[in-house]
Amino acid sequence: MMFKHNFKKVLSATAFAVALVVAPAANVSAATNDASSTQQSATATSQDQQASQDQAASQSSAANQSSATAASASSSTSTSSATSTSTVKKTTKKAKKTTKKSKKKTSKKKAVKKVAKKTTKKKATKKAKKTSKKATKKTTKAATVAVTASADQSHATDQQDDAAKKAAEVAAKKAAAAKKKAAAKKKAAAKKKAAKKKAAAKKKAAKKKAAAKKKAAKKSAEKAAKYWIAMRESSGYYTARNGSCYGRYQLLISYLGGDLSKKNQERTADRYVYGRYGSWVNAKRFWLAHNWY
């Protein structure tokens, strides 16, 4: 019965050692799955996995040793139960030490993982910040370019507006100058026309005046010639008589038609002279040549 009890204890110790070996391997697998998210974490996990594999190998050898010890203990149990008990105690102590070492390594791994995670998180945060900065810079640059392009376009539009305004002003000035020139030309033409009209009127007036003057002179000459003939014929008397001639102009009595008045004598003398000579001046000229008219 003692042998069976001791053998069960050995088997329990062996199972516990194997469990300790399997547990780190499971932790390594979990760490490997967690580390596959990033390249840097994968490298750290790979190193941890290698270390855990080394540890597992060492623990496996320890387990093998423990198994060998348990086997030898089982074989020697038949000879001495005291030796078996001491061997189990030693194995248990070794297993405990191995467990402690495994726990320490596991805690170290966890700490390394935490550090790696923190480092990865920091790097990711740094990278995200850099990416954000780059994106912000790009956005700012794009916005600046857009604002510059908008400003350039606005400036170009302003320049076009200024050019159009200047062109309109130049066109307005040209139109005003043309209008002014046309008005000046029209005014000059009107002035010229007025001057021409005035000159024509002046010429006409001068001509009329000259004609009036000529007429006046002619009238005066006619009057003087008539008076000259009257003085030669009758000394200016309306009642002078010389044979069949009578009056101021010594006309035939038959020309007077029985009216011996002054008015009829003047009218009859004019009709006779203008009908025969055309004027008293011509009549005088004839009288000077022939001593009668």
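Of all residues in the stretch 246-268, count the ones that are in contact with a helix residue (DSSP H, G or I) (Cβ under 8 Å, 6 or more places away or on another chain) and in a helix (DSSP H, G or I).
So the answer is 5.
Considering only the stretch 230-245, state which residues are under 19 Å from Arg267 (Cβ atoms) and assigned to a loop (DSSP other than H, G, I, E, B).
Within the stretch 230-245, Gly236, Tyr237, Tyr238, Thr239, Ala240 qualify.
Would you mind finding the one in Ser75, Ser66 that is at pLDDT below 75, loosely packed, with under 11 Cβ neighbours inside 10 Å, more than 60 Å from the chain's Cα centre (by Cα) and in a helix (DSSP H, G or I)?
Ser75
Might you let me know whether the stretch 116-127 holds any residue that is at pLDDT 90 or above and of a type in the set (S, T, N, Q)?
No - not one qualifying residue is present in the stretch 116-127.
Counting just the residues of the stretch 225-247 that are open to solvent by 20 Å² or more (accessible area, probe 1.4 Å) and touching a residue at least 40 places away in the same chain (Cβ under 8 Å), which one comes out farthest from the chain's Cα centre (by Cα)?
The extreme case among them is Arg232.
Does Lys109 fit the bill of being at pLDDT 75 or above and either open to solvent by less than 60 Å² (accessible area, probe 1.4 Å) or in a helix (DSSP H, G or I) (or both)?
No, not satisfied.
Restricting the search to the stretch 248-257, which residues are in contact with a strand residue (DSSP E or B) (Cβ under 8 Å, 6 or more places away or on another chain) and either open to solvent by less than 50 Å² (accessible area, probe 1.4 Å) or closer than 16 Å to Ala225 by Cα (or both)?
Residues satisfying the conditions are Gln250, Leu251, Leu256.
Can you tell me which residue among Ala178, Ala216, Ala142, Ala184 is surrounded by 10 or more Cβ atoms within 10 Å (Cβ to Cβ) and more than 60 Å from the chain's Cα centre (by Cα)?
Just one listed residue meets the conditions, Ala216.
Look through the stretch 258-290, keep the residues that are more than 19 Å from Tyr237 (Cα to Cα) and surrounded by fewer than 11 Cβ atoms within 10 Å (Cβ to Cβ), and return whichever of them is farthest from the chain's Cα centre (by Cα).
Taking the candidates together, the pick is His290.
The values are calculated or read from the model by the stated rules, or taken from the named source; none is laboratory data. Keep in mind that what you see is a predicted model, and the values were worked out from it rather than measured. Note: ideal-geometry Cβ built from the backbone for every residue, glycine included; neighbour counts use all protein chains shown. Protein only, heavy atoms only, side chains kept; ligands, DNA and RNA dropped before computing areas. Shrake-Rupley method; radii C 1.70, N 1.55, O 1.52, S 1.80 Å.
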